[in-house]
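These notes are about the structure you will find just below.
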Amino acid sequence: MELNLHDIKTIKNLMEMHGITFRKEFGQNFLTNSFVTEDIADYCCDGRSKTIFEIGPGIGTLTRELAKRYENVLSVEIDRGLIPLLKYTLHGYDNSVVINADVMKLDLNELLAPYFEKGGISVCANLPYYITTPVLMLLLESGIKFDYITVMVQAEVADRLCAKAGSSQYGSITAVLGYYGTVERLFEVPANNFIPAPKVDSAVVRIKLFKDNPYARVGEDGHKLNEKMLFRTIKAAFEQRRKTLVNALSTGFPEIGKDKLLEAILACGHRADIRGERLSTEQFVELSDRICTISEK
Ligand code: SAM
């Protein structure tokens, strides 16, 4: 009979057998509830992808559920000590490949290219909390056409990722995410579903990436959106979110001048004293486009 990787005693025995302990610095909190791992595996990509790219397999609990459902599972684990254990727990799962690396240091385009030949790819991860935002940005900025990115994050971070413009949780990461796809909060996972139990509850968030980015071409003359300018506009707006948008942008774009920035804000139909936190991704796209046009005049 297969080992039950959700059983706390089994997890402890396995780790002892391999001479390893939970490593806090790698954000190691392993799932112990089979309903949670099964649900994540079921819903991570709507059954659409052939390959799942998993970040941080831990002892392989979620990896196994993914391997039961999808053609290929490629997992990357930073902790060298877990590799022999994963070899043991994933024995017989021939569609699963584990590599020992820091995901932040990988060339994802090169790594995933052979998998794209087999069909679509989605990301699924119970993310180490200490690098949630950098990992999300790495995945999004890689330009890789994932179908979905499904991640377990701290509930508070999930609030931010799914926030509506104008709410207190809405931040630059929310506006940036909106440029890449649509975000959905799937379900909550209380802290007592992990060993060791983290201090806070978690939630699973699924990002469905745009196949054709609706913002990639805007402007009356159909010119291409300047992505760099968009992200700079969002960053400037949120770096001083208590200030009015025009003042925040003046700091972020010292070379343009306040008058021109105000002209851009008004041309988009906003009030002169609006704050950046009220703008949706679409409105940021429109504004950064105006800033481009106005600054070139
Ligand atoms: N997937 C397992 C589960 O759900 O039980 C473990 C999840 S645990 C929250 C996070 C995992 O990510 C750990 O196994 C940790 O060692 C690994 N990890 C942390 N930082 C990483 C990095 N930079 N690259 C790859 N894996 C990483």
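Within the stretch 12-26, the residues that satisfy the criterion of being more than 8 Å from the ligand (Cβ to nearest atom) and part of a loop (DSSP other than H, G, I, E, B) are 18, 19, 20, 21, 22. Residues that are in contact (Cβ under 8 Å) with a residue 24 or more places away in the chain, assigned to a strand (DSSP E or B) and under 14 Å from the mean Cα position of the chain (by Cα) are absent from the stretch 103-118 altogether.
Among the residues making up the stretch 77-102, a single one is under 18 Å from the mean Cα position of the chain (by Cα) and either exposed (fewer than 14 other Cβ atoms within 10 Å of the Cβ) or of a type in the set (Gly, Ala, Ser) (or both): 102. Which one is nearest to residue 194 (Cα to Cα), of the residues in the stretch 103-132 that are charged (D, E, K, R) and more than 13 Å from the ligand (Cβ to nearest atom)? Going through the qualifying residues, I end up with 107. Restricting to the stretch 52-63, name every residue that is part of a loop (DSSP other than H, G, I, E, B) and closer than 10 Å to residue 125 by Cα. Scanning the stretch 52-63 gives 56, 57.
Under the condition of being surrounded by 17 or more Cβ atoms within 10 Å (Cβ to Cβ), of a type in the set (Phe, Trp, Tyr) and outside any strand (DSSP E or B), the residues counted in the stretch 179-215 number 3. Looking only at the stretch 27-42, residues that are crowded, with 18+ Cβ neighbours inside 10 Å and part of a helix (DSSP H, G or I) come to 4 in all.
Restricting the stretch 78-89 to residues that are within 12 Å of the ligand (Cβ to nearest atom) and touching a residue at least 24 places away in the same chain (Cβ under 8 Å), which is farthest from residue 28 (Cα to Cα)?
In the first step, residues of the stretch 78-89 are kept if they are within 12 Å of the ligand (Cβ to nearest atom); the result is 78-83, 85-86, 89.
Of the ones still in play, those that are also touching a residue at least 24 places away in the same chain (Cβ under 8 Å) are 78-79, 81-82, 85-86, 89.
Details: 78: 11, 79: 10, 81: 12, 82: 11, 85: 15, 86: 14, 89: 17 Å.
Looking at residues that are within 12 Å of the ligand (Cβ to nearest atom) and touching a residue at least 24 places away in the same chain (Cβ under 8 Å), I get 89.
Only a single criterion out of (1) within 12 Å of the ligand (Cβ to nearest atom); (2) part of a loop (DSSP other than H, G, I, E, B) is not satisfied by residue 49, namely (1).
Determine which single condition residue 67 fails, assuming it passes every other condition in (1) open to solvent by less than 30 Å² (accessible area, probe 1.4 Å); (2) within 12 Å of the ligand (Cβ to nearest atom). The one condition residue 67 does not meet is (2). Filtering the stretch 43-60 to residues that are touching a Leu at 6+ places or on another chain (Cβ under 8 Å) and open to solvent by less than 30 Å² (accessible area, probe 1.4 Å) leaves 44, 51, 52, 53, 54, 55, 56, 57, 58, 59, 60. Residue 244 falls short on exactly one of the conditions (1) of a type outside the set (A, V, I, L, M, F, W, C); (2) in contact (Cβ under 8 Å) with a residue 40 or more places away in the chain; (3) surrounded by 14 or more Cβ atoms within 10 Å (Cβ to Cβ), and that condition is (2). Can you pull out every residue in the stretch 133-152 that is near the ligand (Cβ under 10 Å from one of its atoms) and open to solvent by less than 30 Å² (accessible area, probe 1.4 Å)? Hits for the stretch 133-152 are 135, 152.
Which of the residues that make up the stretch 122-143 are within 24 Å of residue 26 (Cβ to Cβ) and either outside any helix (DSSP H, G or I) or not assigned by TED's automatic domain parsing to the domain that holds residue 47 (or both)? Can you show your working first?
Our first condition is that a residue be within 24 Å of residue 26 (Cβ to Cβ); within the stretch 122-143, this holds for 122-142.
Result: 122, 123, 124, 125, 126, 127, 128, 142.
The values are calculated or read from the model by the stated rules, or taken from the named source; none is laboratory data. Since this is a predicted model, take the numbers as computed values, not measurements. Using ideal geometry, Cβ is built from the backbone for each residue, glycine included, and neighbour counts are taken over all protein chains shown. Accessible surface is based on the protein model in full, side chains and every heavy atom, while ligands, DNA and RNA are left aside. Shrake-Rupley method; radii C 1.70, N 1.55, O 1.52, S 1.80 Å.
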